[in-house]
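S.K.: Can you keep this structure in mind? I'll have questions shortly.
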Amino acid sequence: MDLLNGEQYSKWFLNLNPKADVPVLKDQSLAVTDSQHIINYIENKFCDGIHKSLKPFKANSLEFNKLQMFCNILAPLPIGALSLGSFIHDVDLKLVPKPPFVGPLRKVCLGNNEKVVQFLKQSLLEVGVNRAPLMRKLEIQERRKRFVYSRSEYQKILDAIRTVLEFFERDMTAHSKTEWLISNDFTMADLALGLLLLRLYQLGFENYYWSYGKLPSIESYFLRFKKRTACQKLMPSNFEFLKDIWQMTPNKYKIGTGAGVLGMAMMVAFAHK
């Protein structure tokens with residue numbers, strides 16, 4: 001999916017998923033939307049005893065209810081708005097971004113966010129299109145723009161993230177003998193929190209939120225998460241990163257003195273293996 005150019009709002013994808021939500025898992029004729037629903041679907045259909053379950057607790061048990069509560073806390077966080085705002089307020093926040101959020105890619109993301117708004121408006125003019133979900137998406141995009149460009153409004157997003165991280169810091173401190181959130185087994189709750197921390201780390205927020213003793217349990221937890229084999233496999237190679245950033249870089253950055261900008265991105269990529 002070419003998200004930066006609004007492919008999720010094209011007619012073929014709206015026929016698959018009228019809400020234009022990403023990601024979507026298509027299993028034969030069934031389309032499953034929303035990350036949490038997709039994980040649940042895969043867990044319920046394909047967990048065959050070969051791999052450990054991501055929900056290893058009996059329904060309605062204390063552990064199961066805690067897992068559900070943690071997932072419900074993490075699901076509503078506005079990660080998209082957080083990411084876009086970090087490209088605008090990075091100097092003020094003293095962020096240290098890592099691949100893939102470095103170099104000209106940051107400007108490309110901001111520019112294409114504007115393109116998505118225009119694409120949505122054009123899609124609303126097409127005959128036979130389901131207007132309601134597209135109108136809602138357009139409202140979300142425009143509201144997100146107001147939030148991310150205003151420093152005071154963006155701070156509300158940062159504070160909401162901090163509140164959640166401080167909640168998990170307290171819980172980890174109270175249950176310091178368990179390796180993961182619920183027990184010594186890695187669960188869906190760990191997947192949700194770990195990926196949030198990974199995004200924050202890639203955007204350069206680790207010093208803002210948890211490094212230098214701010215949230216020591218969160219910092220230790222994230223280090224364990226990054227060392228997991230599955231997490232290592234998830235990370236793109238330097239070559240893949242450079243290929244993607246080259247394809248998404250405007251031509252003016254590819255020639256002349258602008259090539260130095262891309263060169264700096266390459267140096268950063270290899271510095272953060």
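S.K.: Can you list which of the trypsin sites (Lys or Arg not before Pro) found in region 1-93 are DSSP loop residues with at most 14 other C-beta atoms within 10 Å?
M.R.: Loop-located and lightly packed - Lys52, Lys58.
S.K.: Which semi-axis lengths, in whole Å and largest first, follow from the square roots of five times the eigenvalues of the Cα gyration tensor of region 1-139?
M.R.: 31, 24, 14
S.K.: Given the C-alpha atoms of region 29-82, compute the convex hull and give its volume per residue in Å³.
M.R.: So the per-residue hull volume is 111 Å³.
S.K.: Now for a separate question. If you put +1 on each Lys and Arg Cβ and -1 on each Asp and Glu Cβ, how big is the dipole of region 60-139 around its Cα centre, in Debye rounded to 20?
M.R.: That gives region 60-139 a dipole magnitude of about 120 debye.
S.K.: If you roll a 1.4 Å probe over region 78-230 with all protein chains in place, what percent of the accessible area is carbon or sulfur?
M.R.: The computed percentage sits at 56.
S.K.: To continue, here is another question. Suppose R0 equals 35 Å; then what is the FRET efficiency for Gln36 and Arg151 from their Cβ-Cβ distance, rounded to the nearest 0.05?
M.R.: After rounding, the FRET efficiency stands at 0.70.
S.K.: If all Cα-Cα distances of region 98-196 are sorted into 10 Å bins from 0 onward, what percent lands in each bin, rounded to whole numbers?
M.R.: Here the calculated profile for region 98-196 is 12, 25, 28, 24, 10, 2.
S.K.: Send over a whole-number figure in Å² for the accessible area per residue of region 1-47, probe 1.4 Å.
M.R.: 62
S.K.: Tell me the label-point distance for the pair Asp27, Arg199, using the 7 Å Cα-to-Cβ offset, in nm and rounded to one decimal.
M.R.: Taking the two extended label points, one gets 2.4 nm.
S.K.: Mind jotting down a quarter of the surface of the convex hull over the alpha carbons of region 66-136, in square nanometres, one decimal?
M.R.: Over all viewing directions, region 66-136 projects a mean Cα-hull area of 7.5 nm².
S.K.: Continuing with the same structure: Residue by residue through region 33-38, which ³J(HN,Hα) values in whole Hz follow from phi under the Karplus form 6.51 cos²θ - 1.76 cosθ + 1.60 (θ = phi - 60°), with glycine and proline marked x?
M.R.: Computed from phi, the couplings for region 33-38 are 10, 6, 3, 5, 5, 5 Hz.
S.K.: Determine, for region 110-212, the count of lysine pairs separated by eight or more sequence positions (or lying on different chains) whose alpha-carbon distance falls under 26 Å.
M.R.: 8
S.K.: For region 1-28 and region 99-177, what is the separation of their Cα centres, given in Å?
M.R.: 17
S.K.: What do you get for GluC sites (Glu not before Pro) in region 160-208 restricted to DSSP loop and a cutoff of at most 16 other Cβ within 10 Å of the site's Cβ?
M.R.: Qualifying residues, ordered by number: Glu179.
The values are calculated or read from the model by the stated rules, or taken from the named source; none is laboratory data. Remember, it's a predicted structure, so these values are computed and weren't measured experimentally. Virtual Cβ from ideal backbone geometry, glycine too; neighbours counted across all protein chains shown. SASA here: full protein model, heavy atoms, side chains in, ligands and nucleic acids out. Shrake-Rupley method; radii C 1.70, N 1.55, O 1.52, S 1.80 Å.
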